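K.L.:
The structure follows.
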């Protein structure tokens, strides 16, 4: 028996990112010169400690929180390694949020908050654009992972920056760390509501890549609830269903994809394969029932046979379009042999007329593979193919043909 396994090829942009790597348009002027610019790291730390002591007695002083946030940003910028800047940026963002909430409830006269916002945006722009530059120069997985660190910093500074999430996750993916790419997008989901559909699509794709199929299906379905007729989402979700062995739902989507692109052979192959697998499931269920001494279930068998019939229809349609394609010939022959193998599962549990009917169907299915295998043997003869033909002829009782095939290997 030949095992069939079909996974659809990805679309042109498999990862679902529909953007280019260009320098951010959100650039800002240089930060205004401040006394804190000239402080060493030790002096910045001392100043922050002094502010913390002041906050103990004045916890509602928004000006102190703004100053502390800006000092944390300056301290982060003084660090050479990008990864060492991230915790300070994260802390600064939390502190500045606290300052905003205090200022909104109790405004302070003559406090220029725009200065702090500008400092934050400049820091974001610097980190984000360093990430873009690093990605352009990247030539190895390690380079891409290093570029991702800059985007991590940009996210830490401005957690609602969608472009930084997109590029950060993309860098981890290109750096062969899909699970870290997932972490970035899951963090985006916590901070941006609702998450844009293109990011949901990317997250779902990564779930498939890391075999987290339940999450992939849930995320694709969430995205489709907002863009029901998106071709890319239908494609991705059908792949997730295929990988999860959810043949019924895979077939429903593949039928829609096939109707929209009837000339797409990959969709039709996937559809044929899923019909076959759905039929195989029905046969396996029947075998389980028969092993438990239940009677032959005619209704279930009819369903299985119908599903196999629909698979055959699609294989034959492809073959009619490409009658001399060796791969098409081989896959169609595979199907006939595999269908026969599924019917053979039932034989040990059958008697009388049911057994005779199934044996006849097995014979017919194997016979249907013969002309395809013979055509292949003329187009691309090989020892393996002749052995395959020999076994097929032998099963069908075609002794002369079997001996002729045997002479070729």
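Values in this text are rule-based calculations from the coordinates and carry no lab data. Since we're looking at a predicted model, the values are computed, not measured. With ideal geometry, Cβ positions are generated from the backbone for all residues, glycine too; neighbour counts draw on all protein chains shown.
K.L.:
Which angle between 0 and 90 degrees, to the nearest 10, do you get for helix 383-395 versus the longest principal axis of the chain when only C-alpha atoms count?
P.N.:
50 degrees
K.L.:
May I pose another question? Taking the chain as a Gaussian network, Cα atoms linked when under 10 Å apart, which of 321, 224, 170 shows the biggest mean-square fluctuation?
P.N.:
321
K.L.:
Please report 335, 151, 103, 409 as a ranked list, fewest other C-beta atoms within 10 angstrom at the top and most at the bottom.
P.N.:
Details: 335 26, 151 29, 103 17, 409 14.
Starting with the residue having the fewest Cβ neighbours, the order is 409, 103, 335, 151.
K.L.:
Please report the spacing between the Cα centers of segment 361-404 and segment 150-169 in Å, no decimals.
P.N.:
Each part's Cα centre sits 60 Å from the other's.
K.L.:
What order do you get for 189, 179 when you list them from fewest to most C-beta neighbours inside 10 Å? Mind showing how you got there, number by number?
P.N.:
Numbers: 189 15, 179 12.
Placing the least packed residue first, the sequence is 179, 189.
K.L.:
For a paramagnetic label modelled at 7 Å from the Cα of residue 186 toward its Cβ, which residues of segment 223-246 fall within the zone defined by backbone nitrogen distances under 12 Å?
P.N.:
Once the point is set 7 Å along Cα→Cβ of residue 186, nothing inside segment 223-246 turns out to lie under 12 Å by backbone N.
K.L.:
How high is the FRET efficiency between residue 244 and residue 289 when r is their beta carbon distance and R₀ equals 22 Å, given to the nearest 0.05?
P.N.:
Step by step, r from the Cβ atoms, then E = 0.35.
K.L.:
So if R0 is 60 Å, what FRET efficiency would residue 347 and residue 179 give, r being the distance between their Cβ atoms, rounded to the nearest 0.05?
P.N.:
On the way: r = 46 Å, r/R0 = 0.77.
E between residue 347 and residue 179, to the nearest 0.05, is 0.85.
K.L.:
Need the full-extension length gain, residue 359 to residue 41, defined as separation in residues times 0.36 nm minus the C-alpha distance. One decimal, nm. All intermediate terms of the calculation are to be shown ahead of the outcome.
P.N.:
Numbers: separation 318, 0.36 × 318 = 114.48 nm, distance 8.38 nm.
So the chain would gain 106.1 nm between residue 359 and residue 41.
K.L.:
Could you put 93, 292 in order, starting from the residue whose Cβ has the fewest other Cβ atoms within 10 Å? Each step should come with its number before you reach the end.
P.N.:
Details: 93 20, 292 7.
Sorted ascending by nearby Cβ count, the order is 292, 93.
K.L.:
Under 8 Å for C-alpha pairs, at least 6 residues apart: give me the relative contact order for the chain, rounded to a whole percent. Walk me through the numbers before you get to the answer.
P.N.:
Working: 493 pairs, mean separation 47.9, N = 409.
Computed value for the chain: 12 percent relative contact order.
K.L.:
222 nm [θ] for the chain, helices only, -39500 (n - 2.57) per DSSP H run of 4+, per residue, to 500? Kindly include the intermediate steps, with their values, before the conclusion.
P.N.:
Values: 17 runs with 299 residues, N = 409.
So the calculated ellipticity at 222 nm is -24500 deg cm²/dmol.
K.L.:
OK, next. By how many degrees, 0 to 90 and rounded to 10, does the Cα axis of helix 82-105 deviate from the longest principal axis of the chain?
P.N.:
Between helix and principal axis, roughly 60 degrees.
K.L.:
Round to the nearest 10 and give me the degree value, 0 to 90, for the angle of helix 352-379's Cα axis relative to the longest principal axis of the chain.
P.N.:
Around 70 degrees separate the two axes.
K.L.:
Once fully extended, how much extra length lies between residue 404 and residue 160, figured as 0.36 nm per residue of separation less the alpha-carbon to alpha-carbon distance? Please report the intermediate quantities before stating the final value.
P.N.:
On the way: separation 244, 0.36 × 244 = 87.84 nm, distance 7.18 nm.
Answer, rounded to one decimal: 80.7 nm.
K.L.:
Which distance in Å, rounded to a whole number, links the C-alpha centroids of segment 179-230 and segment 244-319?
P.N.:
29 Å
K.L.:
Starting from the Cα of residue 391, move 7 Å in the Cα-to-Cβ direction to define the label point; list residues of segment 315-353 whose amide nitrogen is under 15 Å from there.
P.N.:
Within reach of a label on residue 391: 333-342, 344.
K.L.:
Tell me whether segment 257-409 comes out rounded, prolate or oblate; compute the Cα gyration tensor, take square roots of the eigenvalues as a ≥ b ≥ c, and use a/c under 1.5 as the rounded threshold. Before the final figure, lay out each step's value.
P.N.:
Details: a/c = 2.78, a/b = 1.17, b/c = 2.37.
Here segment 257-409 falls in the oblate category.
K.L.:
Take residue 106, project a point 7 Å from its Cα along the Cβ direction, then tell me which residues of segment 56-83 have their backbone nitrogen under 15 Å from it.
P.N.:
56-66
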